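The values are calculated or read from the model by the stated rules, or taken from the named source; none is laboratory data. None of the values given here were measured: they were computed from a predicted structure. FYI the Cβ positions are ideal-geometry reconstructions off the backbone, even for glycines, and counts take in every protein chain you see. Ligands, DNA and RNA are excluded from the accessible area calculation, which covers all protein heavy atoms including side chains. Shrake-Rupley method; radii C 1.70, N 1.55, O 1.52, S 1.80 Å.
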Amino acid sequence: GDSVTQTEGPVTLSEGTSLTVNCSYETKQYPTLFWYVQYPGEGPQLLFKVPKANEKGSSRGFEATYNKEATSFHLQKASVQESDSAVYYCALSDWGGRALIFGTGTTVSVSP
Amino acid sequence: NAGVIQTPRHKVTGKGQEATLWCEPISGHSAVFWYRQTIVQGLEFLTYFRNQAPIDDSGMPKERFSAQMPNQSHSTLKIQSTQPQDSAVYLCASSPRHAEQFFGPGTRLTVL
């Protein structure tokens, strides 16, 4: 079945440094890829989605490129802030917009 | 512009009691999804509806769990004879046609 594997956390950074959270996926279909972010006590929030291979998604300084050949969708941010501390989830959905398959989540902690 | 509303936010039940969780999707969204989140299992899909019709309940435990969507403005997840292993955060999400999912804040269920 479909699966998503992402960087195991926690990831601890200082403000101003760069962040990369690796995500790889397995599917026999042609998926849409997502990054979600979750803060304590809240549900996951959509960071961005990329429906097409070799395209880039971005939001709030975060970006990821849908690499179909490598089946990867790594999340990057050049300069993190303390407010970026959260749990980040990579997810995929098939073209039909059915259930999301989530990775295990990566806890990111940014210290000032 | 309210997001997905879930009630109650917290529910405590005794072992063997029934729990009913409510979800109000974003107005105009045609699909409603239920997920369960635990530390051990992460985010797991339970079931979903499109245009109020049940489409996929492959993630639902076959006994004790049921979900309904009697009208376009709400969905319920019912757990009969709750067990301690049912303790989790139950998340509801809604989606426009074949697009990204928007999550509510979740209901934290604790079974004593």
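Restricting segment B:13-26 to residues that are of a type outside the set (A, V, I, L, M, F, W, C) and touching a His at 6+ places or on another chain (Cβ under 9 Å), the residue that is surrounded by the fewest Cβ atoms within 10 Å (Cβ to Cβ) is B:GLU24. Set side by side, the residues B:VAL4, B:VAL12, B:VAL89, B:VAL40 differ, and just one is in contact (Cβ under 8 Å) with a residue 60 or more places away in the chain, hydrophobic (A, V, I, L, M, F, W, C) and closer than 21 Å to A:LEU100 by Cα, which is B:VAL4.
Those strands (runs of 3 or more DSSP E) of chain A in which at least 1 residues are at pLDDT below 95, considering only elements entirely within it, cover A:3-6, A:23-26, A:32-38, A:45-50, A:56-59, A:62-65, A:86-93. Within the set B:HIS29, B:HIS10, the sole residue that is within 14 Å of chain A (Cβ to nearest Cβ), at negative phi, over 12 Å from the mean Cα position of the chain (by Cα) and exposed (fewer than 15 other Cβ atoms within 10 Å of the Cβ) turns out to be B:HIS10. Here is the figure for segment B:63-96: residues that are within 14 Å of another protein chain (Cβ to nearest Cβ) and either surrounded by 15 or more Cβ atoms within 10 Å (Cβ to Cβ) or within 14 Å of the chain's Cα centre (by Cα) (or both) total 9. Checked against (1) part of a loop (DSSP other than H, G, I, E, B); (2) more than 13 Å from B:ILE26 (Cα to Cα); (3) open to solvent by 60 Å² or more (accessible area, probe 1.4 Å), B:ALA99 passes all but condition (3).
Checking each residue in segment A:97-109 for being open to solvent by 10 Å² or more (accessible area, probe 1.4 Å) and more than 27 Å from B:GLY59 (Cβ to Cβ) picks out only A:SER109. Quick check, is B:LEU46 at pLDDT 95 or above, within 14 Å of another protein chain (Cβ to nearest Cβ) and closer than 23 Å to B:ARG9 by Cβ? Spelling it out, B:LEU46 is indeed at pLDDT 95 or above, within 14 Å of another protein chain (Cβ to nearest Cβ) and closer than 23 Å to B:ARG9 by Cβ.
Beta carbons closer than 7 Å, at least 6 apart along the sequence or on distinct chains, pair a first residue in segment B:51-62 that is within 12 Å of another protein chain (Cβ to nearest Cβ) and part of a strand (DSSP E or B) with a second that is surrounded by 11 or more Cβ atoms within 10 Å (Cβ to Cβ) and at pLDDT below 90 for B:ASP56/A:ARG98; B:ASP56/A:ALA99.
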